[in-house]
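What follows is a set of notes on a single structure, which appears directly below.
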Amino acid sequence: MDQLESLFQPTQVSNREETRIAYSRDASRIQGECRAVVWPETVTDIVRLAQWAAETGVDLVPRGAGTGLCGGSTPQNSVVVDSARLRHIDVLNLQLKHVVVEAGVPLDQLNLNLRSSGLFLPVIPGSHRSATIGGMIATNAAGLHAVRYGRMSDWVEEVVVVDGKGEIQRLSVGDRNAFAGREGITGMIVQATLRLTEIPKSRSLTLFSFEHLADMLEQVKQLKTNSALSALEYLNPHAAGLVGWTARHCVLAEYYSGEGEIRDPAEMVNLWGARESLSARLTQAGFPISEDPQFPPEALEDNLDWLMVQNIPVFGHLGVGILHPRFLREDARIAELYYRVSASGGQISGEHGMGLKKRHWASEALKAEVLALKRQFDPQHIFNRGKLC
Ligand SMILES: Cc1cc2nc3c(=O)[nH]c(=O)nc-3n(C[C@H](O)[C@H](O)[C@H](O)COP(=O)(O)OP(=O)(O)OC[C@H]3O[C@@H](n4cnc5c(N)ncnc54)[C@H](O)[C@@H]3O)c2cc1C
């Protein structure tokens, strides 16, 4: 610790007990152990830290806002590297619709800063108020508008990463496999060049509700052919009841046009507010464990039906097949869910990542990819040791 302190200003390092406790877990609530926290302010700080870690063998855990739901930024006797002081929004190229931004910038802050330019970054996870650009790239976040805008990797042009050898790497679109969705195992993302798009001129919503799953899925098929569609969020009857909506299969469809039934801005804010309050409400209702399977369209009906029969509340980004069933703590049905996802050809993690929580479910192909990346970028396993698989 003395050695670590000597590398930085006193305000940039802490091993105080209250700090270590605060950083010992992320939003997954998986408990870890934090040795110390470092707040780098420059890329050189991170290079120095990575070199120190390579010499001492200490594990470094990059952390954004800690909103991750699978223990990705949970330390395991590690030093946590918090990106909170990497908050510059540097260059906006209006013609190219590009912005250069540091990893610790929260998404909402970026979009607020961009508002006068008429542009925005349209990947919006439910945690948009605090999730950082670095965390979103590392998890390849999707979210509320994935049906229209895809996921984070679709919007990254270039990243600057400090790898496990302490070297600064400038990685572009062609290398996205090395950083997007890699959960910080190849190094710490310091800065990113992101593509932007125009803020839509008009928005409207329709809240559909259905008695039968099959009818709902038929309507979803139709809605997905509409080029103005910008979000397609599902709440099963259990979840809909919790936010005061009719306890049926509900679908909130957003359009970048005036064709939705609800056009009043205050009403739209209320509906989105209800949808976004769901995660906290479900935790209060005793369902704190959030999963994020992604099912192919043909497997949705059978699996949504199974979740209903099990009395499991579900919401999610139905337009891209990502669901968020919510479970009780230590619920044995989570393993059953994973088997069902695998059997259907889906993904165990549609957007949250594998972290510590799902690493034992990693496929052989993922393990091989991770090992190859580690050999290239982090041969001494300095960054996020034991995560992802
Ligand atoms: C209420 C709620 C709603 C959510 N909704 C969504 C959603 O709709 N879609 C979605 O995709 N996710 C969602 N999430 C999950 C989470 O918010 C996202 O995974 C988000 O991208 C994490 O960002 P973060 O800054 O909090 O990262 P953290 O949680 O701090 O870290 C996540 C992972 O990224 C790594 N990491 C963080 N910063 C860096 C960096 N600079 N360089 C390298 N690696 C780094 C960490 O080591 C960790 O493995 C939600 C979470 C909550 C609590």
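Observations on the model:
- Only a single item in (1) within 8 Å of the ligand (Cβ to nearest atom); (2) touching a Phe, Trp or Tyr at 6+ places or on another chain (Cβ under 6 Å) is not met by ALA138, and it is number (2).
- Elements of type helices (runs of 4 or more DSSP H) contained in the range 1-76, each with 2 or more residues being closer than 22 Å to GLN191 by Cα: 43-56
- Residues of the range 289-325 that are within 11 Å of the ligand (Cβ to nearest atom) and not in a strand (DSSP E or B): VAL320 alone.
- Flag for GLY166 being away from the ligand (no atom under 13 Å from the Cβ), among the small types (Gly, Ala, Ser) and touching a helix residue (DSSP H, G or I) at 6+ places or on another chain (Cβ under 6 Å): yes
- Count of the range 330-389 residues which are among the small types (Gly, Ala, Ser) and in a loop (DSSP other than H, G, I, E, B): 9
- If the condition is being buried (at least 20 other Cβ atoms within 10 Å of the Cβ) and under 21 Å from LYS224 (Cα atoms), then the range 300-319 contributes LEU300, ASN303, LEU304, VAL314, PHE315, GLY316, HIS317, LEU318, GLY319.
- Among the residues making up the range 165-186, those that are closer than 22 Å to ASP59 by Cβ and either touching a Gly at 6+ places or on another chain (Cβ under 6 Å) or β-branched (Val, Ile, Thr) (or both) are ILE168, GLU183, ILE185, THR186.
- LEU388 being among the hydrophobic types (A, V, I, L, M, F, W, C) and at pLDDT 95 or above: no
- Among the residues of this structure, ALA65 counts as one that is within 11 Å of the ligand (Cβ to nearest atom) and aliphatic (A, V, I, L, M).
- Scanning the range 258-280 for residues that are of a type outside the set (A, V, I, L, M, F, W, C) and surrounded by fewer than 16 Cβ atoms within 10 Å (Cβ to Cβ) yields GLY258, GLU259, GLU261, ARG263, ASP264, PRO265, GLU267, ASN270, GLY273, SER277.
The values are calculated or read from the model by the stated rules, or taken from the named source; none is laboratory data. Small disclaimer: the values here were computed from a predicted structure and weren't measured. Cβ coordinates were reconstructed from backbone atoms using ideal geometry, including for glycine residues, and neighbour counts include every protein chain displayed.
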